[in-house]
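Here the structure comes first, spelled out in structure tokens, and everything after it is commentary.
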Amino acid sequence: MSAPVILVDADACPVKDEIYRVAWRHEVAVKVVSNSRLRVPEHPLIERITVSDGFDAADDWIAEAADAKSIVVTADILLADRALKAGATVLGPNGKPFTAASIGPAIATRAIMADLRAGMDGRVGGPPPFSKADRSQFLQALDAALVRLKRG
């Protein structure tokens, strides 16, 4: 059985440092996937993957690499759906898991919000600011997900 791996949708990920710390503690590989070259720690467990700047190129790479031994970290609902279909565990940067039960309503809400923004000329507020509580919740959720994956 292959070892767990963390796949990070990295371009706008606010918890990369937290991911590295948890990965080092659990000795789990991390693949940091982005459209542009990001700085990542020089460490044997961390691999930077820079894809083309094509639309959804990072999402496509992550979706193709995701499997039952992967934890995908993303705020992208459509990527979360693709990763879930591949069998991956999926966490948002706030620590909230995407699940088979929650992904349908999340996709529907995304569509409604897109319609609202289009009708309001973009004057609809976005998500709340990222908080220390979100960061803490993410750390706990990632740690728990890795423990579950390692136990099989």
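Annotations for the structure displayed:
- Among residues other than residue 68 with Cβ under 12 Å from its Cβ, the summed charge is +2 (Lys and Arg +1, Asp and Glu -1).
- Base-10 log of normalised Debye intensity for the range 21-88 (one unit scatterer per alpha-carbon) at q = 0.13, 0.16, 0.18 Å⁻¹: -0.37, -0.57, -0.72
- Stretch gain in nm, segment residue 101-residue 130, where the contour uses 0.36 nm per residue and the Cα spacing is subtracted: 8.0 nm
- Other residues within the sphere of radius under 11 Å centred on the Cβ of residue 56, judged by their own Cβ, net out at -4 (K and R +1, D and E -1).
- Under 5 Å between amide hydrogens, built in the peptide plane, is the criterion, and for residue 98 it picks out 90, 91, 92 among residues at least 5 positions away or on other chains.
- Förster radius 30 Å - calculated FRET efficiency between residue 140 and residue 38, Cβ distance, rounded to 0.05: 0.75
Each reported figure results from applying straightforward, stated rules to the coordinates on display, with no laboratory input. Since this is a predicted model, take the numbers as computed values, not measurements. Note: ideal-geometry Cβ built from the backbone for every residue, glycine included; neighbour counts use all protein chains shown.
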